[in-house]
Amino acid sequence: MGATVFSVFVISAIGAALATVLVIAERYITNYGECAVIINDDKTLQVQGGSSLLETLTQQKIFIPSACGGRGSCGYCKVKVVGGAGPLLPTEEPYLSEEERAAGMRLSCQVKVRNDVRIEIPEELLSIQQYECVCVDIRDLTYDIKRFRFELKEPDRMRFVPGQYVQVFTPAYEGSDEEVYRAYSISSNTTDEGFIELIVRLVPNGICTTYLFEHLKAGDPVKINGPYGHFRLQDTDAPIIFIAGGSGMAPINCMLHQLANSGSERQATYYFGVNTPKDLFFVEEMKAFEARLPHFRFVPVLAMPDEDSGWEGETGLVTEALDRNLDRAESYEAYLCGSPGMINATVAVLQGHGVQVENIFYDKFS
């Protein structure tokens with residue numbers, strides 16, 4: 001027994017010593033001191049080295065798109081690094097084409113600021129703002145999807161294009177000591193000035209969705225930044241196919257408001273895929289759009305309809321319903337929102353029916 005206790009004591013002591021060494025190394029060995037981040041050769045930021053380029057820029061109120069919150073899994077936070085970033089990392093390689101690598105593009109969440117860095121950023125990103133908001137309403141849409149309504153306070157207006165998204169700041173809370181940003185598409189009407197609405201699905205153990213679902217209350221302050229993205233309706237008269245599932249409803253709902261506000265007469269069909277009847281939402285809202293838009297049709301698709309539900313609509317995967325109903329689609333434009341897997345499968349079906357790849361639009365969140 002004594003030998004066992006002694007062994008445990010020795011192991012614990014070694015662990016404590018190693019932890020102390022790591023703390024000292026973090027504080028002194030990896031202390032890179034003050035570094036310069038030079039932007040577009042005309043703006044220089046003096047920053048403390050050691051953080052990722054994405055985090056460093058965010059701290060300076062320069063917001064780079066990052067759908068995954070800086071975890072290196074979305075590939076959205078690309079910036080051109082002219083010098084000072086070090087070699088390309090294996091974590092970046094899957095997200096950069098040969099052309100992008102040759103041009104010096106890097107994932108800013110993977111680049112560490114260890115010395116002076118020269119970068120180039122599109123001017124449009126330099127105008128991205130942070131907004132102080134108040135959560136004024138939280139509405140349950142399904143058992144795992146909520147709509148959040150935020151009133152913009154400072155600034156009190158946001159100009160966005162339907163299809164764009166914002167990043168929501170998540171502070172540390174009980175159970176999470178991280179401060180992160182997560183990307184969510186705007187679902188609200190552009191005419192609803194002074195407010196932003198988001199449709200969010202709960203991700204089990206997700207840092208931001210756990211905060212939104214379990215901690216955020218009406219009346220609480222919220223920080224967002226944006227808007228971001230180039231997902232938007234094209235200025236044409238081409239017939240439209242919308243395809244989404246779950247919280248992918250958000251940008252499509254926003255685009256439908258745009259069509260209704262403009263009195264559009266474009267032909268449009270919206271395939272909305274869910275698993276069961278309890279996953280359906282915004283059905284009445286879609287009926288209202290059908291009443292306002294003369295050539296719009298909403299097609300909900302249930303993968304697993306209840307036997308006793310009396311469901312007479314489309315069944316199976318949303319891609320299967322699309323495949324069954326699509327015909328002579330060479331002139332169509334398609335707008336997609338969903339998981340990468342769903343988008344990949346949908347693109348294949350669309351191309352199989354003649355939709356040109358340059359007429360298929362989406363933001364591929366992951």
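Is it true that some residue in region 119-130 is surrounded by 18 or more Cβ atoms within 10 Å (Cβ to Cβ) and of a type outside the set (A, V, I, L, M, F, W, C)?
Checking region 119-130: not a single residue is surrounded by 18 or more Cβ atoms within 10 Å (Cβ to Cβ) and of a type outside the set (A, V, I, L, M, F, W, C).
Would you check if A85 is small (G, A, S), over 18 Å from V113 (Cα atoms) and modelled with pLDDT under 90?
So A85 does not fit the description; no.
Select from region 114-169 the residues that are part of a strand (DSSP E or B), of a type in the set (S, T, Y) and over 19 Å from the mean Cα position of the chain (by Cα) and list them in ascending order.
none
Please count how many residues of region 311-337 are surrounded by 20 or more Cβ atoms within 10 Å (Cβ to Cβ) and in a helix (DSSP H, G or I).
4
When you scan region 21-78, how many residues do you find that are among the basic types (K, R), under 19 Å from E124 (Cα atoms) and modelled with pLDDT under 90?
Of the residues in that region, 1 qualify.
Out of L256, L233, L198, L202, which single residue is within 30 Å of E320 (Cα to Cα), in the same structural domain as F282 (by TED's automatic domain parsing) and either out of contact with any Gly (no Cβ under 8 Å at 6 or more places or on another chain) or not acidic (D, E) (or both)?
After applying the criteria, what remains is L256.
For region 43-76, give me the residue count where each residue is outside any loop (DSSP other than H, G, I, E, B) and of a type in the set (A, V, I, L, M).
Result for region 43-76: 5.
What number of residues within region 214-234 are under 17 Å from the mean Cα position of the chain (by Cα), hydrophobic (A, V, I, L, M, F, W, C) and not in a strand (DSSP E or B)?
So the answer is 1.
Which of the residues that make up region 338-347 are in contact (Cβ under 8 Å) with a residue 12 or more places away in the chain and either over 18 Å from S185 (Cβ atoms) or part of a helix (DSSP H, G or I) (or both)?
Across region 338-347, the qualifying residues are P340, M342, I343, A345, T346, V347.
Report yes if T269 is hydroxyl-bearing (S, T, Y), farther than 20 Å from P340 by Cβ and touching an Asp or Glu at 6+ places or on another chain (Cβ under 8 Å), otherwise no.
Here the answer is no, as T269 does not meet what is asked.
If a residue has to be surrounded by fewer than 19 Cβ atoms within 10 Å (Cβ to Cβ) and either of a type in the set (G, A, S) or assigned to a helix (DSSP H, G or I) (or both) to count, how many in region 260-310 make the cut?
Matching residues across region 260-310 total 17.
Conditions tested, residue by residue: (1) under 19 Å from G70 (Cα atoms); (2) surrounded by fewer than 20 Cβ atoms within 10 Å (Cβ to Cβ).
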residue	(1), (2)
D192	no, yes
I196	no, no
G206	yes, yes
A218	no, yes
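Any chance region 88-96 includes a residue that's free of Cβ contacts under 8 Å to residues at least 12 places away in the same chain and either over 25 Å from G33 (Cβ atoms) or not assigned by TED's automatic domain parsing to the domain that holds P221 (or both)?
Looking through region 88-96, at least one residue is free of Cβ contacts under 8 Å to residues at least 12 places away in the same chain and either over 25 Å from G33 (Cβ atoms) or not assigned by TED's automatic domain parsing to the domain that holds P221 (or both).
Given the conditions (1) within 26 Å of Q129 (Cα to Cα); (2) touching a strand residue (DSSP E or B) at 6+ places or on another chain (Cβ under 6 Å); (3) of a type outside the set (G, A, S), report the number of the one that Q258 does not fulfil.
All conditions are met except number (2).
Limited to region 97-113, what total is found for residues that are farther than 19 Å from A67 by Cβ and either part of a loop (DSSP other than H, G, I, E, B) or in contact (Cβ under 8 Å) with a residue 24 or more places away in the chain (or both)?
4
The values are calculated or read from the model by the stated rules, or taken from the named source; none is laboratory data. The structure displayed is predicted, hence computed values, not measured ones. Backbone-built Cβ (ideal geometry, glycine too); neighbour counts: all protein chains shown.
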